[in-house]
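**Q** Have a look at this one.
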Amino acid sequence: METRKNFPCIAKKLWYNTLGDEMDRSNIDKIAHSAEDKLLLAKLWDKINAGMRKNISASTCFLSPREQEMARYLFGMQAGLYSFGGYDDAERKMLIWLPDYLEADSLYDEDSPVACLRATYYEEDSLSHRDFLGSLMGAGIARETVGDICVSKGQCDFFVTAEIAPYVLQNFISAGRTKLHLEQIGLAQVQVPQPEAKEIRDTLASLRLDSVVSVGFRISRGLAAQHIGAGKVAIDGVICEKPDKIIAQGAKISLRGLGKIQLSAVNGQTKKGRISVIIHRYI
């Protein structure tokens, strides 16, 4: 049996707030970019603030990387406030407030607000992330209650809020025409497949976003700039509309409709003054 001390440290504290270190609900208007953002941030505020006032555990829905970024600016440095998605490097995470009588490792207990369900199916049936997500939505399960979906051959481990887990177990019986067998597993049993990636070795004039996108997705720099300006490109989950943004080693960049790349290595300059890089494009 795996002991709690061997669990990866995947609960991340929320650290900063450029609008001030103290929580202030009025900051919602300064952070939000749309009416939908304001509504979401207000819900997060009410949920977490209620837990703080009552000194009881409180958790939100699953948030995208962009939504997590807004939440960090809203809540700032707050002891006991974590972002948690069920496994190391999860993309979609919940905000969870833990009172002072609970430690962070309690997030892995049976009463964790995050539940992992394992779907097994006939290995010869090829199912994708899109197949599972579409079927979950078709079963009446709200997107905000679903975290990451980790698909491998014949098996898929996916995360949901603990509240919705019993409903999913009873109602999510197939993905497309493929029948599924579902069971709830402990977070220590989660299996996350390593994504397949194509390695691209090239040189760049600079580490500008449009240059990295151009090389990584094999499109012209002009088209890359158009996609960036249209809000189709995100860096580590946060949309960026600045083509001249300098990209750091390790950053993951997604382009809507074309997938995701990572600037895996920056190897210094060539004799001609260009920058040697290694980019991984996820398949």
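The values are calculated or read from the model by the stated rules, or taken from the named source; none is laboratory data. Keep in mind that this is a model prediction, so the values were computed, not measured. Every residue, glycine as well, gets a Cβ built from its backbone with ideal geometry; the counts of neighbours run over all protein chains shown. The accessibility values were calculated without ligands, DNA or RNA, using every heavy atom of the protein model including side chains. Shrake-Rupley method; radii C 1.70, N 1.55, O 1.52, S 1.80 Å.
**Q** In the range 48-63, which residues are open to solvent by less than 30 Å² (accessible area, probe 1.4 Å) and out of contact with any Leu (no Cβ under 9 Å at 6 or more places or on another chain)?
**A** Scanning the range 48-63 gives ALA50, PHE62.
**Q** Please determine whether any residue of the range 118-133 is closer than 29 Å to ALA32 by Cα, out of contact with any Phe, Trp or Tyr (no Cβ under 7 Å at 6 or more places or on another chain), touching a residue at least 24 places away in the same chain (Cβ under 8 Å) and surrounded by fewer than 16 Cβ atoms within 10 Å (Cβ to Cβ).
**A** No: zero hits.
**Q** Across the range 177-188, which residue is nearest to the chain's Cα centre (by Cα) among those that are surrounded by fewer than 16 Cβ atoms within 10 Å (Cβ to Cβ) and in a loop (DSSP other than H, G, I, E, B)?
**A** So, considering only residues that are surrounded by fewer than 16 Cβ atoms within 10 Å (Cβ to Cβ) and in a loop (DSSP other than H, G, I, E, B), the one nearest to the chain's Cα centre (by Cα) is GLY186.
**Q** Out of everything in the range 146-164 that is β-branched (Val, Ile, Thr) and in a strand (DSSP E or B), what residue ends up being nearest to LEU180 (Cα to Cα)?
**A** Initially, the range 146-164 is screened for residues β-branched (Val, Ile, Thr), giving 146, 149, 151, 160-161, 164.
From what's left, in a strand (DSSP E or B): 146, 149, 151, 160-161.
Working: VAL146: 17, ILE149: 15, VAL151: 13, VAL160: 17, THR161: 20 Å.
Among those that are β-branched (Val, Ile, Thr) and in a strand (DSSP E or B), it is VAL151.
**Q** Quick check on my filter: what residues within the range 220-250 are at pLDDT 95 or above, crowded, with 16+ Cβ neighbours inside 10 Å and hydrophobic (A, V, I, L, M, F, W, C)?
**A** Scanning the range 220-250 gives ALA224, ALA225, ILE228, ILE247.
**Q** Just to check your reading of the model, which residue among ILE219, ILE200, ILE278 is in a loop (DSSP other than H, G, I, E, B), farther than 30 Å from PHE159 by Cβ and among the β-branched types (Val, Ile, Thr)?
**A** ILE219
**Q** Return the total of residues in the range 125-145 being under 14 Å from LEU180 (Cα atoms) and among the β-branched types (Val, Ile, Thr).
**A** Total satisfying the criteria: 0.
**Q** Can you tell me how many residues within the range 17-47 are hydroxyl-bearing (Ser, Thr, Tyr), open to solvent by less than 80 Å² (accessible area, probe 1.4 Å) and modelled with pLDDT under 90? Explain how you work it out, then say what you get.
**A** Residues of the range 17-47 that are hydroxyl-bearing (Ser, Thr, Tyr), as a first pass: 18, 26, 34.
After this cut, where a residue has to be open to solvent by less than 80 Å² (accessible area, probe 1.4 Å) as well, the list is 26, 34.
Filter once more, keeping what is modelled with pLDDT under 90: 26.
Of the residues in that region, 1 qualify.
**Q** Then there is this: Could you grab me the full set of residues in the range 151-176 that are open to solvent by less than 10 Å² (accessible area, probe 1.4 Å), in contact (Cβ under 8 Å) with a residue 40 or more places away in the chain and under 18 Å from the mean Cα position of the chain (by Cα)?
**A** Result: ASP157, PHE158, PHE159, VAL160.
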